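Below: the structure, in structure tokens.
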Amino acid sequence: MSTETLSPEHQATIEEVGNLFAESGFGTPEVFAVAPGRVNVIGEHIDYNGGLVLPAAIDRWVHVAIRRRDDALVRLVSAQAPGKVEEFLASDDLAPQGNNWSNYIKGVVTGLKKAGFEVPGFEAAVISTVPVGGGLSSSAALEAVFGKAILTLLGEEMDGLDLAKLCQKAEHDFAGVPCGLMDQAAVILCEEGKLLMLDCVDDSFQHAPFEDPDWGLLIINSCVSHELSDGGYAVRRDGCHAAAKILGVETLREIDPAKLDEALAHPDLTEDMKRYVRHAVTEIARTLETVEALGQRDYALAGELLNASHASLRDDYRVSCPELDFIAELAQAQEGVAGCRMTGGGFGGSAIALVRRDCVASLTALIESRYEAEFGIEPKIFETRPMGGTRAWKA
Ligand code: GLA
């Protein structure tokens, strides 16, 4: 197990998932695995446009206890769906069924089999503290944790980037979301105290330190449902790809921001495509600038870039919503907040704020009361620092 200091809550949840496993009649777990959720600091909707993205793993986790069976039966229980056992045969030609959470596991099992592993039956218990629908990659964490847990049961290893791609395919084929690679890469490859700089032009990555005793990342979950499989995501992704084709480039990364107006004047671009291209090209530039600014601890500049990202996602890409706009605008106006933006796929979900840590408590209280007064919804707000990625160990 990694030497990363686990929070007491985290350790308690690992114990709880072992108890859930035993109480479900599965006996003693052989392997434990944990995968974090992720938050994207900046670089939104550009992983499928060849951009650079800047996520961090967060202190919210999917915990799994697992044991191998002698036959092909898979039995799954989750604290999030009490009293229900999901079953399927690992040996079957698997297909997704409805919106069932076991679809993600079926997708991962299918991917591992395709990669040449003989996946046996197993029993597993799951406890997740990653909010579902919060735009914090609960599904990528679920995929990754099972990928790693099954490999560890088999005594096998897989390169982290390959596992991320396997999980991304599970998301495409078994959840119907044509996502980029950011979420799965983040939950697997992130390192403690660091942001992941994933360059989606060639999937190369580096880790950028982000640890400052005075500055933190605050996550504000609007608790407005976030549903990416309903089409809004795919429309934009397809629009960007169609625009790239019209502009004669492989990805929108190739458009020089200095020549953006020239590109936008192309007569074959629709009005929607023009907005998508403007967002993607400016967001790619903002992300590169943010990496620089954070490297120099220039939080004022990084914050301005976050704010500009929000405006672009709201006005050009149109993936924000009134709740997230309210949170961003309110936070941006407060003392000690360098910047705030929606994060993740959008259409609800969470916002991220770069905040001076001595202001976290007052900002949290202010957003809670004002947001609830405006929308009648209680937001869920928590601070995080960058955590390490998915890992598994023998019990
Ligand atoms: C979702 C997708 C990611 C990425 C973000 C937007 O989280 O899964 O691949 O496209 O939206 O940045």
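Between Pro257, Pro213, Pro209, which is surrounded by fewer than 19 Cβ atoms within 10 Å (Cβ to Cβ) and either β-branched (Val, Ile, Thr) or closer than 24 Å to Met273 by Cβ (or both)?
So the residue among Pro257, Pro213, Pro209 that is surrounded by fewer than 19 Cβ atoms within 10 Å (Cβ to Cβ) and either β-branched (Val, Ile, Thr) or closer than 24 Å to Met273 by Cβ (or both) is Pro257.
Within the stretch 289-333, work out how many residues are closer than 18 Å to Leu195 by Cβ, of a type in the set (S, T, N, Q) and open to solvent by 20 Å² or more (accessible area, probe 1.4 Å).
1
Any idea how many residues of the stretch 72-97 are open to solvent by 40 Å² or more (accessible area, probe 1.4 Å) and in contact with a Pro (Cβ under 8 Å, 6 or more places away or on another chain)?
So the answer is 0.
Residues to consider are Asp47, Asp71, Asp59; find the one that is among the acidic types (Asp, Glu) and touching a helix residue (DSSP H, G or I) at 6+ places or on another chain (Cβ under 6 Å).
Being among the acidic types (Asp, Glu) and touching a helix residue (DSSP H, G or I) at 6+ places or on another chain (Cβ under 6 Å) holds for just one of Asp47, Asp71, Asp59, which is Asp47.
State all residues of the stretch 260-270 that are open to solvent by 70 Å² or more (accessible area, probe 1.4 Å) and closer than 20 Å to Glu44 by Cα; if no residue qualifies, say none.
Hits for the stretch 260-270: nothing passes.
Within the stretch 123-157, count every residue that is free of Cβ contacts under 8 Å to residues at least 60 places away in the same chain, assigned to a loop (DSSP other than H, G, I, E, B) and within 16 Å of the ligand (Cβ to nearest atom).
Total satisfying the criteria: 1.
Under 7 Å between Cβ atoms, at least 6 apart or on separate chains: pull out the pairs that start in the stretch 353-368 with a residue that is over 20 Å from Ala300 (Cα atoms) and of a type in the set (D, E, K, R) and end on any residue that is outside any strand (DSSP E or B) and open to solvent by less than 20 Å² (accessible area, probe 1.4 Å).
Sorted first by the residue in the stretch 353-368, then by its partner, the pairs are Glu368/Pro379.
Does any residue in the stretch 177-198 that is under 23 Å from Arg253 (Cβ atoms) and more than 8 Å from the ligand (Cβ to nearest atom) come within less than 6 Å, Cβ to Cβ, of a residue that is basic (Lys, Arg) and open to solvent by less than 20 Å² (accessible area, probe 1.4 Å) six or more places away or on a different chain, and which pairs are these?
Pairs that qualify, where the first residue is under 23 Å from Arg253 (Cβ atoms) and more than 8 Å from the ligand (Cβ to nearest atom) and the partner is basic (Lys, Arg) and open to solvent by less than 20 Å² (accessible area, probe 1.4 Å), are Ala186/Arg38.
Could you pull out the residue among Glu323, Glu283 that is acidic (Asp, Glu), at pLDDT 95 or above, within 16 Å of the ligand (Cβ to nearest atom) and outside any strand (DSSP E or B)?
Just one listed residue meets the conditions, Glu283.
Could you tell me whether the stretch 63-78 includes any residue that is within 22 Å of Gly107 (Cα to Cα) and within 16 Å of the ligand (Cβ to nearest atom)?
Within the stretch 63-78, not a single residue is within 22 Å of Gly107 (Cα to Cα) and within 16 Å of the ligand (Cβ to nearest atom).
So which residues in the stretch 46-55 are within 11 Å of the ligand (Cβ to nearest atom) and open to solvent by less than 10 Å² (accessible area, probe 1.4 Å)?
Scanning the stretch 46-55 gives Ile46, Asn49, Gly51, Val53, Leu54, Pro55.
Return the residue satisfying two criteria in turn: it lies in the stretch 147-196 and is within 20 Å of Glu44 (Cα to Cα) and out of contact with any helix residue (DSSP H, G or I) (no Cβ under 8 Å at 6 or more places or on another chain), and of such residues it is surrounded by the most Cβ atoms within 10 Å (Cβ to Cβ).
Within the stretch 147-196, the match that is surrounded by the most Cβ atoms within 10 Å (Cβ to Cβ) is Cys190.
Yes or no: the stretch 98-106 includes at least one residue that is within 16 Å of the ligand (Cβ to nearest atom), in contact with an Asp or Glu (Cβ under 7 Å, 6 or more places away or on another chain), modelled with pLDDT of 95 or more and part of a strand (DSSP E or B).
No; the residues of the stretch 98-106 include none that is within 16 Å of the ligand (Cβ to nearest atom), in contact with an Asp or Glu (Cβ under 7 Å, 6 or more places away or on another chain), modelled with pLDDT of 95 or more and part of a strand (DSSP E or B).
Taking the condition in contact (Cβ under 8 Å) with a residue 24 or more places away in the chain, more than 16 Å from the ligand (Cβ to nearest atom) and out of contact with any Cys (no Cβ under 8 Å at 6 or more places or on another chain), does Leu247 pass?
So Leu247 passes the test.
Are any residues in the stretch 199-242 part of a loop (DSSP other than H, G, I, E, B), at pLDDT 95 or above and within 13 Å of the ligand (Cβ to nearest atom), and if so, which ones?
Matches in the stretch 199-242: Cys200, Asp203.
The values are calculated or read from the model by the stated rules, or taken from the named source; none is laboratory data. None of the values given here were measured: they were computed from a predicted structure. When we count neighbours, we look across all protein chains shown, and the Cβ atoms used for this are built from the backbone with ideal geometry, even at glycine. Protein only, heavy atoms only, side chains kept; ligands, DNA and RNA dropped before computing areas. Shrake-Rupley method; radii C 1.70, N 1.55, O 1.52, S 1.80 Å.
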